[in-house]
Ligand SMILES: Cc1ncc(COP(=O)(O)O)c(C=O)c1O
């Protein structure tokens with residue numbers, strides 16, 4: 001990858017957010033410029049066309065995730081909002097005192113805090129599923145901790161720190177065996193894996209557009225239509241109503257019931273372009289490309305005595321590690337001088353850091369534009385860091 005001024009740049013932070021293909025930038029610029037108008041309300045032709053584009057994007061998302069139909073797609077601002085929506089709407093209506101929510105040790109704060117807030121409100125309790133030795137969610141332990149009071153299991157499909165891939169179908173079967181619902185946090189899976197909601201058999205699936213080569217400010221909640229039908233609205237305002245009257249208001253059917261206010265018009269159009277782009281590359285090819293790079297990087301890091309590697313061998317394009325005697329922030333700063341961009345920190349997964357026994361890790365994550373030259377540059381930077389720190 002090169003910067004706008006043509007210098008080489010080794011971007012290894014795609015798990016935080018992906019760089020955008022020109023097709024996405026162009027789609028967003030067109031939507032903001034010559035095509036711009038509101039949706040769902042205007043009687044003039046440009047608004048009608050924008051509405052068609054907006055709803056075409058919803059259908060494209062439905063097709064991309066293997067949904068039964070576009071009514072299962074709620075367009076939100078990001079994965080964080082999608083999970084909060086489920087917690088507040090479905091959780092508020094279905095959980096009570098003594099009910100249990102199962103999370104895992106490796107969850108992103110976005111898939112912890114909304115459930116803690118819900119638990120506080122309803123009196124529900126949270127159980128934490130541990131990890132295996134090689135840092136996967138331990139499905140044996142999950143099975144043992146499920147019970148008749150378990151109402152929800154909420155797990156990352158792919159860990160943003162470790163790249164561990166969940167056997168999501170097995171998790172769904174386990175959750176359903178006790179009548180619980182399964183929410184998958186697909187933030188890191190959606191940009192890396194082919195998705196099929198029927199095959200996964202989960203109940204809720206959340207992801208963000210900006211990690212999928214689209215813009216920030218747009219995300220997706222997929223949910224089974226019958227669940228959405230039964231869920232109360234969570235935010236009130238325009239666009240989510242059927243009829244407003246001071247005597248009482250009635251609501252629109254889903255997904256509009258969950259999309260109050262003027263939506264993220266240009267972001268949705270750009271998300272459509274991003275999905276077209278990713279589909280043209282092919283999610284299976286992307287997965288193979290990134291796992292091969294992760295394997296290569298793990299091999300190179302393993303040859304250094306000073307490095308501790310986290311996560312499983314077959315991690316999905318995300319590699320976390322620690323260097324003895326070097327804080328990840330120092331490593332990140334030195335690497336930046338070499339035009340290598342990694343992430344250093346707790347990655348919004350403080351309980352996982354606690355489990356790994358480190359305050360932070362260095363994380364390299366790959367995208368469709370990554371190649372071996374990025375690994376070579378990273379290794380050169382690490383060797384230089386070793387020389388600096390003696
Ligand atoms: C696994 C996972 N879940 C949730 C999120 C939250 O995504 P966003 O901040 O786009 O809402 C992230 C982002 O880093 C993530 O990696």
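Restricting to segment 201-234, name every residue that is away from the ligand (no atom under 16 Å from the Cβ) and without any contact (Cβ under 8 Å) to a residue 40 or more places away in the chain. If the condition is that a residue be away from the ligand (no atom under 16 Å from the Cβ) and without any contact (Cβ under 8 Å) to a residue 40 or more places away in the chain, then 201, 203, 226, 229 are the ones that fit. With respect to the conditions (1) in a loop (DSSP other than H, G, I, E, B); (2) modelled with pLDDT under 95, residue 387 falls short on a single one, namely (1).
Note on segment 76-101: among residues that are near the ligand (Cβ under 10 Å from one of its atoms) and in a helix (DSSP H, G or I), the one that is nearest to the chain's Cα centre (by Cα) is 79. Among the residues of segment 102-123, those identified as within 22 Å of residue 159 (Cβ to Cβ), within 16 Å of the ligand (Cβ to nearest atom) and either touching a residue at least 40 places away in the same chain (Cβ under 8 Å) or surrounded by fewer than 20 Cβ atoms within 10 Å (Cβ to Cβ) (or both) are 103, 104, 105, 106, 107, 108, 109, 110, 111, 112, 113, 116.
Do we have residue 159 as crowded, with 21+ Cβ neighbours inside 10 Å, within 15 Å of the ligand (Cβ to nearest atom) and more than 24 Å from residue 199 (Cα to Cα) here? The answer is no for residue 159.
Would you mind stating whether residue 18 is surrounded by fewer than 14 Cβ atoms within 10 Å (Cβ to Cβ) and assigned to a loop (DSSP other than H, G, I, E, B)? Considered against the rule, which asks whether it is surrounded by fewer than 14 Cβ atoms within 10 Å (Cβ to Cβ) and assigned to a loop (DSSP other than H, G, I, E, B), residue 18 comes out as no. Assess whether residue 273 counts as being more than 20 Å from the chain's Cα centre (by Cα) and either more than 23 Å from residue 353 (Cβ to Cβ) or in a loop (DSSP other than H, G, I, E, B) (or both). Considered against the rule, which asks whether it is more than 20 Å from the chain's Cα centre (by Cα) and either more than 23 Å from residue 353 (Cβ to Cβ) or in a loop (DSSP other than H, G, I, E, B) (or both), residue 273 comes out as no. Only one entry in 153, 165, 244 is free of Cβ contacts under 8 Å to residues at least 24 places away in the same chain and away from the ligand (no atom under 11 Å from the Cβ), namely 244.
Tell me yes or no: at least one residue of segment 352-363 is touching a strand residue (DSSP E or B) at 6+ places or on another chain (Cβ under 6 Å), part of a helix (DSSP H, G or I) and more than 14 Å from residue 311 (Cβ to Cβ). The answer is no; no qualifying residue exists. The strands (runs of 3 or more DSSP E) found entirely in segment 197-250 that carry 2 or more residues being within 22 Å of residue 68 (Cα to Cα), in contact with a strand residue (DSSP E or B) (Cβ under 8 Å, 6 or more places away or on another chain) and modelled with pLDDT of 95 or more are 204-208, 219-223.
Filtering 27, 23 for residues that are out of contact with any strand residue (DSSP E or B) (no Cβ under 7 Å at 6 or more places or on another chain), under 29 Å from residue 261 (Cβ atoms) and crowded, with 17+ Cβ neighbours inside 10 Å leaves a single hit, 27. Within the set 68, 20, the sole residue that is within 16 Å of the ligand (Cβ to nearest atom) and either under 16 Å from residue 265 (Cβ atoms) or touching a helix residue (DSSP H, G or I) at 6+ places or on another chain (Cβ under 8 Å) (or both) turns out to be 20. Take the conditions (1) touching a residue at least 60 places away in the same chain (Cβ under 8 Å); (2) surrounded by fewer than 22 Cβ atoms within 10 Å (Cβ to Cβ); (3) farther than 30 Å from residue 219 by Cβ; residue 382 misses just one of them, which is (2). Across segment 168-187, the number of residues qualifying as part of a loop (DSSP other than H, G, I, E, B), free of Cβ contacts under 8 Å to residues at least 40 places away in the same chain and at negative phi comes to 1.
Residues checked against (1) farther than 20 Å from residue 313 by Cβ; (2) part of a helix (DSSP H, G or I); (3) more than 20 Å from the chain's Cα centre (by Cα):
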position	(1), (2), (3)
103	yes, no, no
115	yes, yes, no
121	yes, yes, yes
141	yes, yes, yes
148	yes, no, yes
162	no, no, no
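The values are calculated or read from the model by the stated rules, or taken from the named source; none is laboratory data. Being a predicted model, the structure only gives us computed values, none of them experimental. All Cβ positions, glycine included, derive from the backbone under ideal geometry; neighbour counts span all protein chains shown.
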